[in-house]
Every structure is written in C-alpha cells, then in structure tokens.
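**Q** Handing you a structure now.
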Amino acid sequence: MQETIEKLKVQIIEQLNLEDVTPEEINPEEPLFDSDLGLDSIDALEIIVMLEREYGLKVQSKEEGQKIFYSLKTMAEFINENSK
C-alpha cells in the first residue's frame, strides 16, 4: 500500500498543479480537505476524474466519496481493494 500512497502523492501534485508542495510534505494520514493543502470541491472533481482515468474506478455516491477522499491512506485502500 505504501507504493500506492507514494504514487498518489505525485499524481495529486501533478493533477492539481500544487507547485509549492512536495510529496514529502503530504502526510497520508491527514485529511486531504480542510488541511494545509487547501483543496476544495473543484480539486475533488479533478481527483475523481484522475481515479477514473488512472485506475478505472468510479465513486458511486457523495457519502462514499467522503470516506474515500478523507486522506491519501483511505484513497490508497480504496484503490488497492477495487483495482482490476
């Protein structure tokens, strides 16, 4: 799972153009939203598109999305459990 977390860090930085953020600065346990990253609902949509494009995964509901996108760790768990 650590490999997935490290890959997600890079993908999120690139996808969201977080120019002032390095992968080392992202704590996989901390919330992605309401954190130092300053992510908002537009960023959430971009992450959803990335998940669909990169992993073939779809978020079925707002509630599921809130659980999946809580942190990088929860995203990595979702990817590892649901990837083909």
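**Q** Work through the residues other than Glu24 whose Cβ is under 12 Å from its Cβ and net out their charges, Lys, Arg +1 and Asp, Glu -1. Walk me through the intermediate numbers first.
**A** Numbers: positive: Lys9; negative: Glu6, Glu25.
Spelling it out: positives minus negatives among the neighbours equals -1.
**Q** Okay, next question. Which residue fluctuates the most in the chain, going by a Gaussian network model with Cα springs under 10 Å, if the choices are Glu29, Glu52, Glu19?
**A** Of Glu29, Glu52, Glu19, the most mobile in the Gaussian network model is Glu19.
**Q** Whole-Hz ³J(HN,Hα) for each residue in segment 60-71, computed from phi via Karplus 6.51 cos²θ - 1.76 cosθ + 1.60 with θ = phi - 60°, x for glycine and proline: what do you get?
**A** My calculation for segment 60-71 gives 7, 8, 4, 4, 4, x, 4, 6, 5, 8, 4, 8 Hz in order.
**Q** Could you work out how much longer the chain between Glu30 and Lys62 gets when fully extended? Use 0.36 nm per residue separation minus the Cα distance between them, nm to one decimal. List each step's numbers first, then the result.
**A** Values: separation 32, 0.36 × 32 = 11.52 nm, distance 1.97 nm.
In short, 9.5 nm is gained.
**Q** If the only charges are +1 at each Lys and Arg Cβ and -1 at each Asp and Glu Cβ, what is the size of the charge dipole of the chain around the Cα centre, to the nearest 20 debye? Walk me through the numbers before you get to the answer.
**A** Working: 8 positive and 20 negative charges, 104 e Å.
Computed about the Cα centre, the dipole is about 500 debye.
**Q** Continuing with the same structure: Once amide H atoms are built 1.01 Å from N in the peptide plane, which residues 5 or more positions from Ser71, or in another chain, come under 5 Å H to H?
**A** Answer set, sorted by chain and number: Leu32.
**Q** Taking Lys67 as the anchor, which aspartates and glutamates have their alpha carbon closer than 20 Å to its alpha carbon, excluding any fewer than eight residues away along the same chain?
**A** Hits, sequence-local ones excluded: Glu6, Glu29, Glu30, Asp34, Asp36, Asp40, Asp43, Glu46, Glu52, Glu54, Glu77, Glu81.
**Q** Going from most exposed to least, what order do Tyr70, Tyr55 have by accessible area with a 1.4 Å probe?
**A** Working: Tyr70 120, Tyr55 35 Å².
If we order Tyr70, Tyr55 from most to least accessible, we get Tyr70, Tyr55.
**Q** Now a separate question. Percent of accessible area on the chain owned by carbon and sulfur, 1.4 Å probe? It would help to have the intermediate numbers written out before the result.
**A** On the way: 2560 of 5450 Å².
Percent of accessible area from carbon and sulfur atoms in the chain: 47.
**Q** Roll a 1.4 Å probe over the protein heavy atoms and report the accessible area of Phe33 in Å², nearest 10.
**A** 50
**Q** Oh, and also: Quick one: among Ile42, Ile26, Ile68, which has the greatest mean-square fluctuation in a GNM of the chain with alpha-carbon springs under 10 angstrom?
**A** Ile42
The values are calculated or read from the model by the stated rules, or taken from the named source; none is laboratory data. Keep in mind it's a predicted model, so treat the numbers as computed, not measured. Reconstructed Cβ throughout: ideal geometry from the backbone, glycine too, with neighbour counts over all protein chains shown. For the accessible areas, the whole protein counts, side chains as well, though only heavy atoms, and no ligand, DNA or RNA atoms are used. Shrake-Rupley method; radii C 1.70, N 1.55, O 1.52, S 1.80 Å.
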